[in-house]
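Derivation of every value follows stated rules applied to the coordinates shown; laboratory data play no part. Being a predicted model, the structure only gives us computed values, none of them experimental. Using ideal geometry, Cβ is built from the backbone for each residue, glycine included, and neighbour counts are taken over all protein chains shown.
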């Protein structure tokens, strides 16, 4: 078997991070959000409302284990134990399966809250491009959802669809976006609305002599036009931001911006952690409300 | 909040929209029995208010389920779920 056949081009980088500007959490209120999504899981730990640590990893075959792995990885090297966390919110598809969570909150509410923290209070329209669904969310200046719309009927317009294409074309998923933008002339989008048929269509295009770049451009373009229709249905208002894994794909983001005629806000954080971040913010508010805001390490 | 439950596919958009600000004020929940397709259920939302939602297992089948209540001619009628909803919180996109 050749190396190409065994390489997993869809596999994105899993990692954890700790804020070097917060030397210690003792004497502070520690809250956490754990987002167990269909494809990826994130845990975010906040100290007095500031981002302290997070992990970003692939969801395993069972949600409770994924939640535990994610929080353990986020706590790695911090000296924190689960008992030090005042309040934990579970979110995402597996939110009810986070064994140590104090409350479950929908990913729609958490993404809006997280985006409000990440991009600031001017965000009104949010597009969350998740692993297996896509959500258009409208929110107010406090990050509270005013309307939402979700499409999880098929994989078109989702991270999983992009992973399928990365593997088909043997292009590492992190390079798909830039590669798709390297075409001199923008091709017509692939016409299939289903990712399975889009893959078949792409195979045909490759056989017809299209370059990988051109096929990727056609797929990114199709994905952009599909999600824009969701945004337009839910109502489009500036400022506009994108969260989720596909927000890291410049090829899709640029094409969405081009169709809408609006630039998306540039992220200062990993766009995949928005849901867990929102969860940690909900956790802080709920801890204060329920007087569970105990001080860690005391 | 306007919660749009449903989907878009190659044949069109099929969303049931629920205005949860109106819905949360209702104590009767007429939609539960008013819908012949039984697509609604009551849940606590993120702010612990009771609101109607479309059952998860029905969300991607609305075109088929709701077809029974929609005239083939496309003539506009008030649907049984809309009549049952005292808060006028339910709209359909198609």
Quick check on the stretch A:124-264: what does the Kirkwood estimate of hydrodynamic radius come out to from the alpha carbon pairs, in Å?
15.0 Å
P(r) histogram, all alpha-carbon pairs of the stretch A:6-99 included - 10 Å bins from 0, percent
17, 49, 26, 6, 1
What percent does the relative contact order of chain A come to when contacts are Cα pairs within less than 8 Å and at least six residues apart?
26 percent
Value of [θ]222 nm, deg cm²/dmol, for chain A, DSSP H segments ≥ 4, -39500 (n - 2.57) each, nearest 500
-11000 deg cm²/dmol
Cβ-based exposure ranking for B:44, A:100, A:240, A:282, in which fewest neighbours within 10 Å come first:
B:44, A:100, A:240, A:282
Averaged over peptide A:142-153, how many Cβ atoms belonging to another chain are found within 10 Å of each residue's Cβ?
5
What is the pair-distance distribution P(r) of the stretch B:2-92, computed from all Cα-Cα distances in 10 Å bins starting at 0, with each bin given as a whole percent?
17, 52, 27, 4, 0
Taking a temperature of 4 °C and a viscosity of 1.567 mPa s, what whole-number D in µm²/s does Stokes-Einstein yield for the stretch A:124-163 with Rh from Kirkwood over alpha carbon pairs?
123 µm²/s
Only counting other Cβ atoms within 10 Å, I'd like A:41, A:65, B:87, A:180 sorted with the fewest neighbours first.
A:65, B:87, A:180, A:41
Once both axes come from the Cα atoms, what is the angle between helix A:159-168 and the longest principal axis of chain A, in degrees from 0 to 90, rounded to 10?
50 degrees
Working from Cα positions, state the angle (0 to 90°, nearest 10) between the long axis of helix A:212-234 and the longest principal axis of chain A.
60 degrees
Diffusion coefficient in µm²/s returned for the protein assembly as shown by Stokes-Einstein, Kirkwood Rh over C-alpha pairs, 10 °C and 1.306 mPa s, is 72 µm²/s
Ordered by fewest other Cβ atoms within 10 Å, a rough proxy for footprinting exposure, B:21, A:35, B:45 read B:21, B:45, A:35
Do you know the relative contact order of the stretch A:182-298, to the nearest whole percent, from alpha carbon pairs under 8 angstrom that are 6+ apart?
21 percent
Evaluate the distance, in nm, between pseudo-label points positioned 7 Å from the Cα of residue A:291 and of residue A:14 along their respective Cα→Cβ axes.
4.1 nm
Go ahead and estimate [θ] at 222 nm for chain B from helices alone: -39,500 (n - 2.57) per DSSP H run with n ≥ 4, summed, over the residue count, rounded to 500.
-4000 deg cm²/dmol
For chain A, take the longest principal axis of its alpha carbons; what is the angle in degrees between that and the long axis of helix A:250-260, to the nearest 10 within 0 to 90?
80 degrees
